[in-house]
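The block underneath contains the structure these notes are about, expressed in structure tokens.
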Amino acid sequence: MTGSKRLLYLALEAPREGQASYAHIHEIVGGLERRGWTVDLFVPSYSGQWRRPGLVSRMIEYVRLQWRLMLAFEDGQALYVRSHFLAFPTSAWARIRGVPIVHEINGPYEDVAIAYAWARPLAGIIKWMWRKQFQWAGRLITVTPHLADWVRDQGVATPVDVVPNGANTDLFHPEASCDLDLPDRYAVFFGGLARWQGIPTLLAAKASPEWPAGVDLVIVGDGPERPAVETAAAADPGIHDLGRQPYRVLPGIVARSICGLVPKNNLGDRTGTGLYPLKVFETLACGVPAIVSDFPGQADLVRDNNAGLAVPAEDPVALARAVGDLASDPEIARASGTRGRAAIVAAHSWDIRAGATQDVLDRLMGAAG
């Protein structure tokens, strides 16, 4: 390792337990700390709260947080930014000060317009602010190979490393226990209840005649599609709406299931840069096969390891039939889950991802002299 192992980590988007960002941030930070790094994590003061403050309050917090980081900086530290277009002041400051900086990129510019309607008229300035940050960084980390290709297509010459999502294989494992009252046989969906997660397809599949008899649907999470889930659960006793659950409760729910469902759609053309959702890695880590929409990344992971099934996106009948295929042959389902678990332990654990992140930081600090 060249230089000191001290890192300032900035995440403007507040991590909340149960969300993928929370796991990603804390697993990588924990893995670096186990490797001897001192990591100072800078996240908004309302992190962990599920009710976000208003837009103006968030903007003020972003400014305050970045100011705190700049004041805390000491010579020899590197800077890690979970990329956000409003991290522009920190990136400009780091550029002027000569601070080694790495940006972790989780999606293209268009994701902001999908998530925040107010940002759509500002698309041009947002793209410029983001591109400048990419250009100023010493290295970039993307979570899919397709996203790395997208960065290069933007004319950015900064070196790019791919460090995908992973799973905590000590927490997510086949023997994980759960004290909740769960049905005997069920498929599970967990994560944010956003439309691009395929919630309409999920509910339509459960209502389809192709859905296997005697198999329930367990849904864990919260988000904009919650009213649709609540309505469906009220009409169908075979749908179990568990709402938000603590991160450490999830493995037991997943491990007891027949299969994990990841029916993402292409809303806003979000699949062009590949998808490696955290829930796919965590499902497979529990020794449970995954049924995923046939998009680059997640479908490749499942197919390459023969660890589940890939189905056409937004096709409820295909999704229901896939659940039926696994439910009707427990031996095939069990073998798929075993292969998935082995693949995650061998190559996709969060500890492996933390090691890859340290390698990127080594290259960053080495290049900075």
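Just so it is clear, none of the values below were taken in a lab; they were calculated from the coordinates. Source: prediction; values computed, not measured. Neighbour counts are summed over all protein chains in view; Cβ atoms, including those assigned to glycine, are modelled from backbone coordinates with ideal geometry.
Here are the numbers:
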read-out: Principal axis dimensions, largest first and in whole angstrom, of the chain by Cα; value: 63, 42, 39
read-out: Protection proxy ranking, peptides 155-163, 130-138, average beta carbon neighbours within 10 Å, highest first; value: 130-138, 155-163
read-out: Among beta bridges that DSSP assigns inside the chain, antiparallel share in %, nearest 5; value: 0 percent
read-out: Candidate lysines - alpha carbon under 28 Å from K264, same-chain residues fewer than 8 apart omitted; value: K127, K206, K279
read-out: R334-R35 FRET efficiency (beta carbon distance; Förster radius 35 Å; 0.05 resolution); value: 0.50
read-out: Backbone N under 14 Å from the R226 label point (7 Å along Cα→Cβ), restricted to segment 45-82; value: 49-52
read-out: Which of K264, K5, K127, K279 has the fewest Cβ neighbours within 10 Å, and the rest in rising order; value: K127, K5, K264, K279
read-out: Footprinting exposure proxy for C178, C286, C259 (fewest neighbouring C-beta atoms within 10 Å first); value: C178, C259, C286
read-out: Approximate spin-label separation L267-Q135, in nm, with each point projected 7 Å along Cα-to-Cβ; value: 3.4 nm
read-out: Chain lengthening between D75 and A92 when straightened (0.36 nm per residue, less Cα-Cα); value: 4.4 nm
read-out: Neighbour-count order for D362, D304, fewest beta carbons within 10 angstrom listed first; value: D304, D362
read-out: Efficiency of FRET from Cβ geometry, W67 and D362, R₀ 35 Å, rounded to 0.05; value: 0.75
read-out: Candidates R185, R64, R353: whichever shows maximal mean-square fluctuation once the chain is modelled as a Gaussian network with Cα springs under 10 Å; value: R64
read-out: Relative contact order of the chain, defined on C-alpha pairs under 8 angstrom at six or more residues apart (%); value: 19 percent
read-out: Estimated FRET transfer efficiency (W128, R51; beta-carbon r; R0 45 Å; 0.05); value: 0.90
read-out: E17-V317 pseudo-label distance in nm [points 7 Å out on the Cα-to-Cβ vector]; value: 4.4 nm
read-out: Most positive-pole-ward Cα, A94, C178, T357, against dipole of the chain from beta carbon charges; value: A94
read-out: Nitroxide proxy distance, nm - points 7 Å out along Cα→Cβ at V345 and D179; value: 2.8 nm
read-out: For segment 1-105, with +1 on Lys and Arg beta carbons and -1 on Asp and Glu, the positive-most of M70, G31, Y9 along the dipole; value: M70
